[in-house]
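Working notes for the structure below.
The values are calculated or read from the model by the stated rules, or taken from the named source; none is laboratory data. None of the values given here were measured: they were computed from a predicted structure. Glycine also receives a Cβ, built like all others from the backbone with ideal geometry; neighbour counts cover every protein chain displayed.
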Amino acid sequence: MSFDIHYEDGLARVGSLHTASGTVTTPFFMPVASKGSVKALEGKDIEALGFESIISNSFILSLSPGIDIVQDQGGIHSFMHFSKTIFTDSGGFQVLSKDFLLKKEDCGVFFKDGHGKKHFFTPEVSMDYQLALGSDVAMTFDDVAHYGLSGKEYVDAIKRTHRWAERCLEHHKKRREELGSKQLLFGIAQGGTSKEYRRFSTHKIGSLDFDGYALGGLVIGESRDELFENVYESVLHLPREKPRYLMGLGSPPDIVRAVGYGVDCFDSIYPTSNARHGSLFTPTGRIMIKKRVFKNDSGPIFEGCECHTCKHYSRSYLHHLLRTHELLGYRLATIHNLHFMSQLMKDLREAIRKGEYTSFANSFLEQYFSGKEKKEFSSNIAMRYKEEEERKAATILLDWKQE
RNA sequence: GCCUCUGUAGCUUAGCGGUGGAGCGGUCGGCUGUUAACCGACAGGUCACCAGUUCGAUCCUGGUCAGAGGCG
């Protein structure tokens, strides 16, 4: 088994995901390295920050430098000099990008790059690419529907996602054996924000033999209430003994809540992107370091932060670096936000081990939203998951007469 | 002293006889499976000053002031 659960607290759990490159303790957050780099950091920095895994992107790497180049250079780990667990995304998410998408068909997706060149992606191509890159965990090639589309379009995307998932599974199994690879494969469910569709897709994907299950097509414009309702539905219909991965979620309060719904893995550009743009995480919400009030502020980003940046540099210095577009600014800011995420995940794991998830989460959220940060959580987490057993029993799977 | 050129937002500058745009800078915000050190909103101008021509001048004419260059 590639996943063990050690502690459970409500729906939240602490576990171990075993991959060819080591063990990742869940719940965990992955910094994003789409082009083979967590922007502004080296592999050793990422490890030093306490991350046991990152996620790259097979489609984006296929554009540049090309899958064959990475393969010739010894694979993704060697290429970017990061020895711990690497996930790769399939390219499915890029169907949402106007710049990339040319045409979707049942057999696969035609992408275009910035030079007018066409690229045909299929479930099989994506599996081959991810195996060639040598990542530890591959993701299925899925079809993501834009937020706010009609029912039919959701259904089309879901059905396509399901067929593709089966193709991915079959092809991956075969090729993996031929290559003697130990790469894991996670399936991705769709369903938009309709609870029925979400339930249907989650149930279908959850019935296939993947090493983990991802919630896809979320965090693309829906409200927090919609998001968490769908997270809740998903978790109820996924096998307990496999890891659950909510793709794209990355703000601190969102992650704190999602862990309480039983999600084990996260990835997002949110911390790194915010860092580069001068938005830095603190326990009382984000601060915009480029604001004038910080121009001559000698304190750290926040008192008590143990990160490299806060131990050695002032708000004033960060303010200056980011305002003048100095490269060091991006690096120091990224280190800070990622340290915040890493520490948050450690705290969450510890709270779950002690059976104190609820009080930790409530206290974190209360503090985080005590500043100016917009409050967008209404439900009381503690209440929410006490109802869980009851709801689980009451939930009846819809009888889908599909196909 | 004479000649030429220039004068528009904090800075660098478009522009046209019918009451002015842009980039940078400023303030504020947004980034959630990243071709994004990005994107958005807002603020900021008696178009150097005075007179004239004109229905109407930032624009045309004259003068004043300031700056740059050239000739003495």
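Determine which member of the set A:PHE210, A:PHE186 is aromatic (Phe, Trp, Tyr) and out of contact with any Asp or Glu (no Cβ under 9 Å at 6 or more places or on another chain). Going through A:PHE210, A:PHE186 in turn, the sole match is A:PHE210.
Kindly establish whether A:ASP297 is among the charged types (D, E, K, R) and within 27 Å of A:GLY216 (Cα to Cα). Walk me through how you get there before you give the answer.
Working: among the charged types (D, E, K, R): yes; within 27 Å of A:GLY216 (Cα to Cα): no.
Criteria not met by A:ASP297.
Going by what's in this entry, would A:ARG198 be described as under 30 Å from A:GLY74 (Cα atoms), outside any loop (DSSP other than H, G, I, E, B) and in the same structural domain as A:GLY66 (by TED's automatic domain parsing)? Spell out how you get there, then give the answer.
Details: under 30 Å from A:GLY74 (Cα atoms): no; outside any loop (DSSP other than H, G, I, E, B): yes; in the same structural domain as A:GLY66 (by TED's automatic domain parsing): yes.
It is false that A:ARG198 is under 30 Å from A:GLY74 (Cα atoms), outside any loop (DSSP other than H, G, I, E, B) and in the same structural domain as A:GLY66 (by TED's automatic domain parsing).
Screening A:LYS295, A:LYS290 for residues that are surrounded by fewer than 21 Cβ atoms within 10 Å (Cβ to Cβ), in contact with a Leu (Cβ under 8 Å, 6 or more places away or on another chain) and over 26 Å from A:GLU52 (Cβ atoms) leaves exactly one candidate, A:LYS290. Please tell me if A:ASP142 is surrounded by fewer than 19 Cβ atoms within 10 Å (Cβ to Cβ), acidic (Asp, Glu), outside any strand (DSSP E or B) and assigned by TED's automatic domain parsing to the domain that holds A:HIS172. When the stated conditions are applied, A:ASP142 does not pass them.
Determine, yes or no, whether A:ALA214 is more than 9 Å from RNA strand B (Cβ to nearest atom) and touching a residue at least 40 places away in the same chain (Cβ under 8 Å). Judged against the criteria, A:ALA214 is not a match. If only residues of segment A:236-260 that are basic (Lys, Arg) and in a loop (DSSP other than H, G, I, E, B) are counted, the one that is surrounded by the most Cβ atoms within 10 Å (Cβ to Cβ) is A:LYS242.
Once segment A:1-38 is narrowed to residues that are touching a Lys or Arg at 6+ places or on another chain (Cβ under 7 Å) and of a type outside the set (S, T, N, Q), the residue that is nearest to RNA strand B (Cβ to nearest atom) is A:PRO27. When A:ASP89 is tested against (1) more than 24 Å from A:ALA214 (Cα to Cα); (2) near RNA strand B (Cβ under 8 Å from one of its atoms), exactly one condition is not met: (1).
Among the conditions (1) within 10 Å of RNA strand B (Cβ to nearest atom); (2) among the β-branched types (Val, Ile, Thr); (3) crowded, with 22+ Cβ neighbours inside 10 Å; (4) over 15 Å from the mean Cα position of the chain (by Cα), A:ILE46 misses just one, which is (1).
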